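The values are calculated or read from the model by the stated rules, or taken from the named source; none is laboratory data. All figures in this text were calculated on a predicted structure; none of them were measured in a lab. Backbone-built Cβ (ideal geometry, glycine too); neighbour counts: all protein chains shown. All accessible areas refer to the heavy atoms of the entire protein, side chains included, with ligands and DNA or RNA removed. Shrake-Rupley method; radii C 1.70, N 1.55, O 1.52, S 1.80 Å.
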Amino acid sequence: YVSVVDDNNQAPFPCPAPVSLILTRYLDINGPPTRAWMRTLAKLATNRAHADRLSYLGGSSGEQRQAFDTHVTAQKLTIISLLTEFSSVALSLHDLIELLPRLQPRYYSASSP
């Protein structure tokens, strides 16, 4: 079980909760990574080649944006697949919970045929 509070000492989801519940119901582990995410992961990579590649993919030049689009967007990589590919990223559970985007609520309306 994990308890989490934000900067305002508020729990962003019901706590304490099992890690599996947090990762499946409250955090978007299957979402697309952003270039900002790549830069953050680059800082946490212990392998220099991984850090350099992640930093490059997170860059803002036209060439770097194209590389991000080709490597990440076109292949529909997820945050989890990136963490698998760049296995030297030293990400604690605390960091993971902090960095993952929150799942947004889905609003449904009743419709009739």
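Key figures for this structure:
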item: Subset of segment 66-89 [closer than 15 Å to Asp52 by Cα and out of contact with any strand residue (DSSP E or B) (no Cβ under 7 Å at 6 or more places or on another chain)]; result: Ala67, Phe68, His71, Leu82, Glu85, Ser87
item: Residue satisfying all of: in segment 1-12; among the hydrophobic types (A, V, I, L, M, F, W, C) and free of Cβ contacts under 8 Å to residues at least 60 places away in the same chain; most open to solvent (accessible area, probe 1.4 Å) among these; result: Val5
item: Residues being assigned to a loop (DSSP other than H, G, I, E, B), in contact with a Pro (Cβ under 8 Å, 6 or more places away or on another chain) and of a type in the set (A, V, I, L, M) - total across segment 53-77; result: 1
item: Residue that is nearest to Leu54 (Cα to Cα) [pool: residues in segment 22-39 that are exposed (fewer than 14 other Cβ atoms within 10 Å of the Cβ) and without any contact (Cβ under 8 Å) to a residue 24 or more places away in the chain]; result: Ala36
item: All positions within segment 78-94 that are open to solvent by less than 60 Å² (accessible area, probe 1.4 Å) and at pLDDT below 95; result: Thr78, Ile79, Ser81, Leu82, Leu83, Ala90, Leu91, Ser92
item: Number of the exception - Val19 against (1) under 15 Å from the mean Cα position of the chain (by Cα); (2) in contact (Cβ under 8 Å) with a residue 60 or more places away in the chain; result: (1)
item: Every residue from segment 40-51 that is part of a helix (DSSP H, G or I) and open to solvent by 60 Å² or more (accessible area, probe 1.4 Å); result: Lys43, Arg48, Ala49
